[in-house]
Amino acid sequence: MPRRRDVSSSCCLPLHLNEDNARFGLLAALILLYLLCGAVVFSALEHPSELQAHRHWDQQLANFTEQNSINLKSLHVLLKQYEEAFAAGIRVDKLRPRWDFSGAFYFVATVVSTIGFGMTTPVTVAGKIFLIFYGLLGCAATILFFNLFLERIITMLAYIMRWCHERQLRRSGVGGEEARSEDDSLEGWKPSVYYVMLILGIAALLIACSASALYSAMEDWDYFESLYFCFVAFSTIGFGDVVSSQRESYKAQEAYRLGNCLFILMGVCCIYSLFNVISIIIKQTLNWILGKLDCSKAQCPCRGRPYRRRAPGKRFTNASVETVCDSETDAGRRLSGEMISVNDFMANKVSLAILQKQLSETAHGNPRQSHVRQNGFSGGVGAFAIMNNRLQETSVDR
């Protein structure tokens, strides 16, 4: 008897095996396109200003040497020496000391937070060697802190969102069948990851606006420049062209420096959390794009099959990022509390579902039941949760 060919295996299985590479390739291509577009825009915006600045500087040098009868080569030597002094922290205007205790504390804070403004850098060989090992441990610990902060933010937001949902149901009236209907509605209610993204974005914006008001008053920056500094600092880009708390003295100096540190800490935590949630949604969008491309092939057995959507109380992902084919059966397994595979973790396909699942469990006061504490692994959020659950499972198997 001739062997019947399994069409679904021959079509969907190779795609499943190459899904990680396809997602990685698509993301790399989109990032490259994003970089090219960014280069075109910034070149068009900034290059004319750069050329104008060069012409203005050359004119200033020519006028200065002519008026003061100074040899141009000697002036270039002096300017080169000033550049070296500038790198060591010497400025024409009086600024705070770079390497007293408070200056050194500010420096190590920019190191472990990965902001790295660049206005202070070690110049000795011993200092550079120490920085390598200090930054290796400090940056890793700070990333862990940011992940734990994100977990607590998610927990708090889940309780707040559930409270708001309960209040909304009470306003509609409770009694008899309405009460039972309310219980059913509350039990099936799931907090939305998109609301979390919106709340984190609003929180980051409020912190940035409040901090900008402080910087405008204390640093004599205009408000837009203060907002620019907030984004560069909070996102840990840290160009170093504009840096707060660098003058020798301020009015209410200690209070300002404390407020500056608190604003930067809160801003970095909020922006880091926001970036994590946005990256999860981007990955889910990539999955949706790959699913669309897969199902557009004529030989795919799922072509023409309508999207199967879950019931409102069971659906964790938004319809705009739903995938088809075997992803629906996988999602059912993942959302049931079953452990996912290492391949799924590396692809991070279910980060959005895991995050929403944790939101739901936290809001309902029914966290995942596991023997986590005895192995030292905590739950975490998103990809962090998936990794910890896998480590915990491996530890139990041993």
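The values are calculated or read from the model by the stated rules, or taken from the named source; none is laboratory data. The model shown is predicted, which means the values in this text are computed figures rather than measured ones. Every residue, glycine among them, receives a Cβ derived from its backbone with ideal geometry; neighbour counts consider all protein chains shown. Heads up: the accessible areas ignore ligands, DNA and RNA and are worked out on the full protein's heavy atoms, side chains in. Shrake-Rupley method; radii C 1.70, N 1.55, O 1.52, S 1.80 Å.
Some observations on this one:
- Flag for Gly240 being open to solvent by 20 Å² or more (accessible area, probe 1.4 Å) and either free of Cβ contacts under 8 Å to residues at least 24 places away in the same chain or in contact with a Leu (Cβ under 7 Å, 6 or more places away or on another chain) (or both): no
- Subset of segment 80-126 that is in contact with a helix residue (DSSP H, G or I) (Cβ under 8 Å, 6 or more places away or on another chain), among the hydrophobic types (A, V, I, L, M, F, W, C) and open to solvent by less than 50 Å² (accessible area, probe 1.4 Å) - its residue that is farthest from Asn147 (Cα to Cα): Phe117
- Glu254 falls short on exactly one of the conditions (1) assigned to a helix (DSSP H, G or I); (2) exposed (fewer than 12 other Cβ atoms within 10 Å of the Cβ); (3) modelled with pLDDT under 85, and that condition is (3).
- Residues being open to solvent by 20 Å² or more (accessible area, probe 1.4 Å) and either in contact with a His (Cβ under 8 Å, 6 or more places away or on another chain) or among the β-branched types (Val, Ile, Thr) (or both) - total across segment 272-293: 5
- Complete set of residues in segment 133-163 that are under 16 Å from the mean Cα position of the chain (by Cα), open to solvent by 40 Å² or more (accessible area, probe 1.4 Å) and of a type in the set (Ser, Thr, Tyr): none
Yes or no, residue by residue, for (1) free of Cβ contacts under 8 Å to residues at least 40 places away in the same chain; (2) closer than 26 Å to Gly135 by Cα:
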site: His56; (1), (2): yes, no
site: Asn63; (1), (2): yes, no
site: His76; (1), (2): yes, no
site: Arg91; (1), (2): yes, no
site: Lys94; (1), (2): no, no
site: Trp99; (1), (2): yes, yes
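- Selection of segment 234-285 for residues being on the phi > 0 side of the Ramachandran plot and in contact with a strand residue (DSSP E or B) (Cβ under 7 Å, 6 or more places away or on another chain) yields an empty set.
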